[in-house]
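A.B. asks: Structure in structure tokens, see below.
The values are calculated or read from the model by the stated rules, or taken from the named source; none is laboratory data. Computed from a predicted model, the values in this text were never measured in an experiment. Cβ atoms come from the backbone with ideal geometry, glycine included; neighbour counts cover every protein chain shown. Just so you know, the surface numbers come from the protein's heavy atoms only, side chains and all, with ligands and any DNA or RNA stripped out. Shrake-Rupley method; radii C 1.70, N 1.55, O 1.52, S 1.80 Å.
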Amino acid sequence: MNSKTDSQQLQTESPIQQYYFRALICFAASGTLASFINWDHPSTAHMGMIVFLLIYAYATYHFTRKQIPERMANINRWLSHADAALIGIVLSLTDFSILPCVMFLTMIQFNALISGGIRKLMEDNSAFAVGILLSLVIHKPQLVLSSSIEISAASLIGVATYFLVYAIYMHQRFHKLMISQKQLENEQKWHKIRAYKLSRYLPPTVWQAINRGDDKNLQAERKRISVFFSDIKDFSQLSEEIEAEALTELLNHYLTEMSKIVAHYGGTIDKFMGDGIMVLFGDSNSKGVKDDATRCVAMAIAMKKRIKSMQVEWFNQGIKKPLQVRMGINTGYCTVGTFGTSNHLDYTVLGTQVNLASRLESAAEPDEILISHETWSLVKDTVMCRDKGEIQVKGFSLPVKVYQVADLRKEMGKNQSYFEDRTEGFSMYLDMDKVRNYDKQKVIESLEKAASRLKDKVII
């Protein structure tokens, strides 16, 4: 069942439903008039009004069912005015008998308040008064306020039947409304689930813009941003050595951990390229080029440390050769935004500076972070780097000056808590922040034992 269609049906009565209720009103009014007539000398006005009421109910049904839904609200409004005016004429023809007046007036107020509130109440009462005035053309009421039992009984039965039928009808509508509400709640729940699943496939910048309704603002523009690239060295070779299922699990675990670090530092994952990751800083919610570059390099350092701990996990899972990651970072002006066709768009970043970041990643040694001079000039106050001179980069005519990232300055010196070194026959990785208190002595003993053996060994 379509929720939009259901809501429209609940808001507007169908022509057949209007016909049933209008027929009840007309039969109640006709019965009231019939009980008032002196059948020995029937009044032409009364007889003509009875016939008109019966024809009116059927004629309005044929008229409304041919109308388009967009016009029905306005047509129903004017027909309700006509109903009120006819009731005014009928009550005038009955010389304002007490019980019919009370019952029919109550019905007018009830219908008006249910369907349109105070404004509708005033309009229908005005139409009722106009009906009384029109009736004066064909009949002058005696104003005796008759209380004939026959007239009262006819109007009472007719109007009471109308209210009972309307009560049953409203109960059915409320029941349908409750069903529609439950279906709407279920649809909203599923929409939220689908939206969450979809958000995992889109960059946060794009998803937030779509949710705000301003995705038109994702048009391409020039921005100075920091671009990060990384990939796993010899990953294609690894794919030949282990089973596809194990490789998929390993890769998903790696990408999940890296994504957590990206989110922590406020980066935007542009795309995953197999084992490669492309991250942007400064494309949205930028706090300045310097801050963007600093967060980008700090993210790369955090990734490097996390990969070291993951290498131990992978080794314990049977992967003999440790997975080593290369990283490259560059800062510069790029074109950021959506690119593609009217049927398919992709949010990404283009430009020479993006290519340079990718080339730096390719030129980096395993477990090394290379940054360009532009990035170094922004982060040198907070990040310790080693000058690696100039390298020749494919696609660039001039050599590019590069730097190797060591660590954050606050983590160096007496506050240094992370140690890493590697040479032929030696590899060390120590993150003191992750060493547990009850393992501290064990680590110290291992280092002292290795140092003692190394000192005593004669190396030729």
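A.B. asks: Run down Gln237, Gln219 and say which single residue is open to solvent by 50 Å² or more (accessible area, probe 1.4 Å) and in contact (Cβ under 8 Å) with a residue 60 or more places away in the chain.
C.D. replies: Gln219
A.B. asks: While we're here: Please go through segment 380-396 and pick out each residue that is touching a residue at least 24 places away in the same chain (Cβ under 8 Å) and open to solvent by 30 Å² or more (accessible area, probe 1.4 Å).
C.D. replies: Of everything in segment 380-396, those that are touching a residue at least 24 places away in the same chain (Cβ under 8 Å) and open to solvent by 30 Å² or more (accessible area, probe 1.4 Å) turn out to be Asp381, Thr382, Met384, Ile391, Lys394, Gly395, Phe396.
A.B. asks: Turning to a different aspect of this structure: Residues in segment 410-421: is at least one at pLDDT 70 or above and either more than 24 Å from Ser372 (Cβ to Cβ) or not acidic (Asp, Glu) (or both)?
C.D. replies: yes
A.B. asks: Same structure again: Tell me which residues, restricted to segment 117-144, are open to solvent by 40 Å² or more (accessible area, probe 1.4 Å), at pLDDT below 80 and not aliphatic (A, V, I, L, M).
C.D. replies: Once the filter is applied, which keeps residues that are open to solvent by 40 Å² or more (accessible area, probe 1.4 Å), at pLDDT below 80 and not aliphatic (A, V, I, L, M), segment 117-144 yields Lys140, Gln142.
A.B. asks: Then there is this: Name every residue in segment 434-451 that is under 24 Å from Ala302 (Cβ atoms) and either part of a helix (DSSP H, G or I) or open to solvent by less than 80 Å² (accessible area, probe 1.4 Å) (or both), in order of residue number. Outline the logic, then answer.
C.D. replies: Just the residues of segment 434-451 that are under 24 Å from Ala302 (Cβ atoms), to begin with: 434-437, 439-440, 443.
Within segment 434-451, Val435, Asn437, Asp439, Lys440, Val443 qualify.
A.B. asks: Quick check on segment 187-204. Is at least one of its residues in contact with a strand residue (DSSP E or B) (Cβ under 9 Å, 6 or more places away or on another chain), part of a helix (DSSP H, G or I) and not β-branched (Val, Ile, Thr)?
C.D. replies: yes
A.B. asks: Take segment 54-99 and flag every residue that is buried (at least 16 other Cβ atoms within 10 Å of the Cβ), not β-branched (Val, Ile, Thr) and not in a helix (DSSP H, G or I).
C.D. replies: Asp95, Phe96, Ser97
A.B. asks: Can you go through Asp231, Asp270 and tell me which one is part of a strand (DSSP E or B), open to solvent by less than 80 Å² (accessible area, probe 1.4 Å) and out of contact with any Pro (no Cβ under 7 Å at 6 or more places or on another chain)?
C.D. replies: Working: Asp270 fails: out of contact with any Pro (no Cβ under 7 Å at 6 or more places or on another chain).
Asp231 is the lone residue from the list that is part of a strand (DSSP E or B), open to solvent by less than 80 Å² (accessible area, probe 1.4 Å) and out of contact with any Pro (no Cβ under 7 Å at 6 or more places or on another chain).
A.B. asks: If Phe163 meets every condition in (1) open to solvent by 30 Å² or more (accessible area, probe 1.4 Å); (2) at pLDDT 90 or above; (3) in a helix (DSSP H, G or I) apart from one, which number is that one?
C.D. replies: Unmet for Phe163, out of (1) open to solvent by 30 Å² or more (accessible area, probe 1.4 Å); (2) at pLDDT 90 or above; (3) in a helix (DSSP H, G or I): (2).
A.B. asks: Across segment 12-42, which residue is surrounded by the fewest Cβ atoms within 10 Å (Cβ to Cβ) among those that are under 22 Å from Leu99 (Cα atoms) and of a type in the set (Ser, Thr, Tyr)?
C.D. replies: Here the residue is Ser35.
A.B. asks: Moving on to the next point. Given Val312, Val325, Val354, which one is among the hydrophobic types (A, V, I, L, M, F, W, C), in contact with a Cys (Cβ under 9 Å, 6 or more places away or on another chain) and closer than 30 Å to Glu249 by Cα?
C.D. replies: Unique residue meeting the criteria: Val354.
A.B. asks: Okay, moving on. Across segment 336-379, which residue is farthest from Ser199 (Cα to Cα) among those that are assigned to a strand (DSSP E or B) and open to solvent by 40 Å² or more (accessible area, probe 1.4 Å)?
C.D. replies: For segment 336-379, the residue satisfying everything is Leu350.
A.B. asks: Shifting gears a bit: Would you check which residues across segment 100-125 are of a type outside the set (A, V, I, L, M, F, W, C) and either in a helix (DSSP H, G or I) or touching a strand residue (DSSP E or B) at 6+ places or on another chain (Cβ under 7 Å) (or both) and list them?
C.D. replies: Pro100, Thr106, Gln109, Asn111, Ser115, Gly117, Arg119, Lys120, Glu123, Asp124, Asn125, listed by residue number.
A.B. asks: Can you tell me how many residues in segment 288-323 are open to solvent by 40 Å² or more (accessible area, probe 1.4 Å), closer than 12 Å to Asp367 by Cα and in contact (Cβ under 8 Å) with a residue 12 or more places away in the chain?
C.D. replies: Of the residues in that region, 1 qualify.
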